Amino acid sequence: MFRSQEAGREPVETFYDGYVVNAILDAAYKSAETKQWEKVILPVWRGREGLSQETTLVDYDEHYYLVKEELMTHDGRHKIILKDKVTGKIIERDLV
């Protein structure tokens, strides 16, 4: 920050960046106290709005999404990680 001031240019990090980081940390500390997810409170928001969340979930079958497929190098197992479409519960399965 001081180097950019000496060079007469804008710093890479801004005070707004610090404001956002502090709001995230406040929510994290509050979550640690309450033992539940807490929202990040940002009264001043400069980001884009009205965006939809992209889904990267791939259908595995009628009950599960495929999260990850792995070949275990140490023992040769073929493992898949699935997410239940209704409950969101994550499970692992070994394929033979």
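The values are calculated or read from the model by the stated rules, or taken from the named source; none is laboratory data. This structure is a prediction, so every number in the text was calculated from the model and none was measured. With ideal geometry, Cβ positions are generated from the backbone for all residues, glycine too; neighbour counts draw on all protein chains shown.
Observations
- If you check Leu42, Leu51 for being touching a Phe, Trp or Tyr at 6+ places or on another chain (Cβ under 9 Å) and of a type outside the set (Ser, Thr, Tyr), only one passes: Leu42.
- Looking only at residues of segment 1-24 that are of a type in the set (Asp, Glu) and surrounded by 11 or more Cβ atoms within 10 Å (Cβ to Cβ), we find that the one that is nearest to Pro43 (Cα to Cα) is Asp17.
- Taking (1) surrounded by 11 or more Cβ atoms within 10 Å (Cβ to Cβ); (2) outside any helix (DSSP H, G or I) in turn, Ala27 satisfies each apart from (2).
- Residues of segment 39-87 satisfying the condition of being under 21 Å from the mean Cα position of the chain (by Cα), at pLDDT 90 or above and in a loop (DSSP other than H, G, I, E, B): Lys39, Val40, Ile41, Leu42, Lys85, Val86, Thr87
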